[in-house]
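**Q** Please see the structure below; I have some questions.
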C-alpha cells in the first residue's frame, strides 16, 4: 500500500466491496486490490499512484480499470475525486468527516486538515443565485520536506537556502 496510515474515518476493503455489490457493480480481484490500496491511505493518491501500488499485487491490472473503479467509487460517494491544482485528479478515501486540505506547491503532497472555520459563508449579497451548502478550504504552501535546505554541488552556499528559493 502507498502512504502513511492514520486512524481516520475511511471505509474498509470489506465495506467498499459490499457497497460496490449493493450498487449492482461487479466485484473483481482487481477492484478489491484497489480497495485495499485505498484503505487507510491519507496521501490523496492519483489514479497513477493507485495503479502503481496495485500492480505490485496484481500485475495484470490496467490503468483503465483503476480509473473506472475510482470514478465509480466517487460517483457512489465512497471516495472524493479532488482537483487541487496539482496537475492531476487526486482521490480522498476520507469522506466520513468534514475536512479541508493542505497542498504543497512544490511537490504536490496533500494532507487532510480537520479544523472548523466558524462563520465561514458567502455573504448573502454575493451568493449570485447559488444555494450554497458547503465549503472546502485549500491551503497552499511548502511541506516540511520541501522546506528543508537542499545542497547544490555547483553553489555550496545554496545549502543554506530553503527549497523553492530562486537565485537572481
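**Q** Please find, among 82, 73, the residue that is outside the structural domain of residue 142 (by TED's automatic domain parsing), over 22 Å from residue 146 (Cβ atoms) and in contact (Cβ under 8 Å) with a residue 12 or more places away in the chain.
**A** Just a single option satisfies the conditions, and that option is 73.
**Q** Right, here's the next one. Regarding the range 44-55, can at least one residue be identified that is in a loop (DSSP other than H, G, I, E, B), free of Cβ contacts under 8 Å to residues at least 60 places away in the same chain and not assigned by TED's automatic domain parsing to the domain that holds residue 102? I'd like the intermediate steps shown before the answer.
**A** Our first condition is that a residue be in a loop (DSSP other than H, G, I, E, B); within the range 44-55, this holds for 44-46.
In the following step, the residues that additionally are free of Cβ contacts under 8 Å to residues at least 60 places away in the same chain were identified as 45-46.
Filter once more, keeping what is not assigned by TED's automatic domain parsing to the domain that holds residue 102: 45-46.
Yes.
**Q** Which is on the phi < 0 side of the Ramachandran plot, touching a residue at least 24 places away in the same chain (Cβ under 8 Å), not assigned by TED's automatic domain parsing to the domain that holds residue 27 and not in a helix (DSSP H, G or I), of 115, 58, 122, 103?
**A** Values: 115 fails: touching a residue at least 24 places away in the same chain (Cβ under 8 Å); 58 fails: not assigned by TED's automatic domain parsing to the domain that holds residue 27; 122 fails: touching a residue at least 24 places away in the same chain (Cβ under 8 Å).
Just a single option satisfies the conditions, and that option is 103.
**Q** Is it the case, given these coordinates, that residue 78 is under 30 Å from residue 14 (Cα atoms), at pLDDT 85 or above, part of a loop (DSSP other than H, G, I, E, B) and touching a strand residue (DSSP E or B) at 6+ places or on another chain (Cβ under 9 Å)?
**A** On the way: under 30 Å from residue 14 (Cα atoms): yes; at pLDDT 85 or above: yes; part of a loop (DSSP other than H, G, I, E, B): yes; touching a strand residue (DSSP E or B) at 6+ places or on another chain (Cβ under 9 Å): no.
No.
**Q** What number of residues in the range 122-131 are exposed (fewer than 11 other Cβ atoms within 10 Å of the Cβ) and within 22 Å of residue 80 (Cβ to Cβ)? Don't jump to the end; show me each part of the working.
**A** Restricting attention to the range 122-131, the residues satisfying the condition of being exposed (fewer than 11 other Cβ atoms within 10 Å of the Cβ) are 123-126, 128-131.
Retained after the next criterion (residues that are within 22 Å of residue 80 (Cβ to Cβ)): 130-131.
Qualifying residue count, the range 122-131: 2.
**Q** Quick check: anything in the range 85-93 at positive phi and touching a residue at least 24 places away in the same chain (Cβ under 8 Å)?
**A** yes
The values are calculated or read from the model by the stated rules, or taken from the named source; none is laboratory data. Computed from a predicted structure; not experimentally measured. With ideal geometry, Cβ positions are generated from the backbone for all residues, glycine too; neighbour counts draw on all protein chains shown.
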